[in-house]
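Q: Input: one structure, supplied below.
The values are calculated or read from the model by the stated rules, or taken from the named source; none is laboratory data. Bear in mind the structure is a predicted one, so any value in this text is a computation, not a measurement. Here Cβ is always computed from backbone atoms with ideal geometry, including for glycine, and neighbour counts include all displayed protein chains. Heavy atoms of the whole protein, side chains included, go into the accessibility calculation; ligands, DNA and RNA do not. Shrake-Rupley method; radii C 1.70, N 1.55, O 1.52, S 1.80 Å.
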Amino acid sequence: MTAVLEVTGVTKRYGSLAAVQDLSFRLEPGTVTGFIGPNGAGKTTTLRMCATLELPDEGEVRIAGRSALDDPRAARRVLGFMPDTFGAYTNTTVAEYLDFFARAYGLAGAERREALQSVVDFTGLAPLVEKHTSVLSKGMKQRLCLAKTLLHDPKVLLLDEPTAGLDPRARVEFRDLVLGLAQLGKALLVSSHILTELAEFCDSVAIVERGKLVAAGRIDDVQGGLERRQRVRLRVLGDPRAASLYLAEQRNVTAVSQEPDHLRFELDGDERALAELLAALVSAGLQPVEFSREGMGLQDLFLRLTGREAAQ
C-alpha cells in the first residue's frame, strides 16, 4: 500500500542537543500509529517537522507524495495537525471559531457550509455551536480542536497528546472518533506517553527514545521481530498439577506458573509449535479447555525495547 506520510532520515538539532536523530517511518491510509516515547523523546519536535512548522536539519518528509520541505503549501492541503494545547480567541463561539478556520483554509460558499456541518456532526458539537469556547470542558475543547483540524478533509492527521487531561468518558469518546477517522481511510499519527490509552486504538507503533527510532511497524510485526518466545494461557479439566509437570518436561517450554484457575507459561516457537503442543496435551489426556496466546502489551513492548519505565 502506498504510504501517505514518509519520514526519511530526519534530524533536528538545537545547538549541541540532537532532539531528533536520523528518524524514519511511514504511515499508510486507514491506520492509527502510536508515536510512543517518554517526555523529551522528540515526539513533538518530529510532529512539528511533519506539520511543516519546523525545518529539519537533515532528511525529508513527504505527505501524499508532496515534499513538506520543498512545497509546504501543497503538503498542508492534505495534512491536519492538532497540537497539544488549545488556543481560541476571547468571546468567540464554537461556530465563529470553526468558520474562521474554514475561511483560512480557503473554503467558500456551499463548500464551506458543508464542511462546517460535516465536522460539527462528526464530533458531536451541534448542541454547542452557540457556546463560547471559553466555557467548554476540556473534552469539548479537544473535540473542537479536532473539528478545526478536519475542516479541509486531510488525508494525514497528526495528533499531539490529544487525550492529555481528559476524564475517562472523554477519553473513550475521543478514541471512538479516532477509530472512525481510520475507517474513513485517513492515516493518523497519535503521540502519547500513556501507553494504556494508545493500546486501545493503535494498530501500528513508532517508538522513540532520546530522539532515535527504536522500532516501527505493525504491533504484531514489531513484537514478532523482537523474539520468538510466546506467552500462553492454559486451563484444563484435569489435574492442573499434572499439566504443570507435563509442561515442565517439554524442551521448548519455560516459566510455567500455576494460577488459581489456569496455568501460564512461555513457549519458544512459532504457531506450528503452539499447535503441536496443544495436540500433545490432548494426547496426554490433560483435557485442555482453554489454550490461548497472550499478546505482549504495548507497555511491555515499550519496556522490552527501551529498557526504561513508561508512564502510566
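Q: Could you check segment 22-58 and list, in sequence order, the residues that are crowded, with 18+ Cβ neighbours inside 10 Å, more than 14 Å from the chain's Cα centre (by Cα) and not in a helix (DSSP H, G or I)?
A: L23, A41, G42, A51, T52, P56
Q: Within segment 110-123, is even one residue assigned to a strand (DSSP E or B) and either surrounded by 15 or more Cβ atoms within 10 Å (Cβ to Cβ) or among the hydrophobic types (A, V, I, L, M, F, W, C) (or both)?
A: Among the residues of segment 110-123, not one is assigned to a strand (DSSP E or B) and either surrounded by 15 or more Cβ atoms within 10 Å (Cβ to Cβ) or among the hydrophobic types (A, V, I, L, M, F, W, C) (or both), which makes the answer no.
Q: Name every residue in segment 70-109 that is among the acidic types (D, E) and outside any helix (DSSP H, G or I), in order of residue number.
A: Of everything in segment 70-109, those that are among the acidic types (D, E) and outside any helix (DSSP H, G or I) turn out to be D70, D71, D84.
Q: Pick out the one residue from R231, R241, R264 that is farther than 17 Å from L47 by Cβ, touching a residue at least 60 places away in the same chain (Cβ under 8 Å) and over 19 Å from the mean Cα position of the chain (by Cα).
A: Only one candidate passes the filter, namely R231.
Q: Of the numbered conditions (1) without any contact (Cβ under 8 Å) to a residue 60 or more places away in the chain; (2) within 17 Å of A216 (Cβ to Cβ); (3) open to solvent by 70 Å² or more (accessible area, probe 1.4 Å), R76 satisfies every one except a single condition; which is it?
A: Among (1) without any contact (Cβ under 8 Å) to a residue 60 or more places away in the chain; (2) within 17 Å of A216 (Cβ to Cβ); (3) open to solvent by 70 Å² or more (accessible area, probe 1.4 Å), R76 violates only (2).
Q: A follow-up question, please. So, in segment 188-197, exactly how many residues are surrounded by fewer than 22 Cβ atoms within 10 Å (Cβ to Cβ) and within 18 Å of V156 (Cβ to Cβ)?
A: 0
Q: Something else now. Working only within segment 198-215, note down all residues that are surrounded by fewer than 21 Cβ atoms within 10 Å (Cβ to Cβ), modelled with pLDDT under 85 and among the hydrophobic types (A, V, I, L, M, F, W, C).
A: Matches in segment 198-215: A199, F201.
Q: Only one of L107, L146 is more than 24 Å from K43 (Cα to Cα) and crowded, with 17+ Cβ neighbours inside 10 Å; which?
A: L107
Q: Out of the residues in segment 151-160 meeting the condition of being under 18 Å from the mean Cα position of the chain (by Cα) and surrounded by fewer than 22 Cβ atoms within 10 Å (Cβ to Cβ), tell me which one is nearest to C202 (Cα to Cα).
A: That would be D160.
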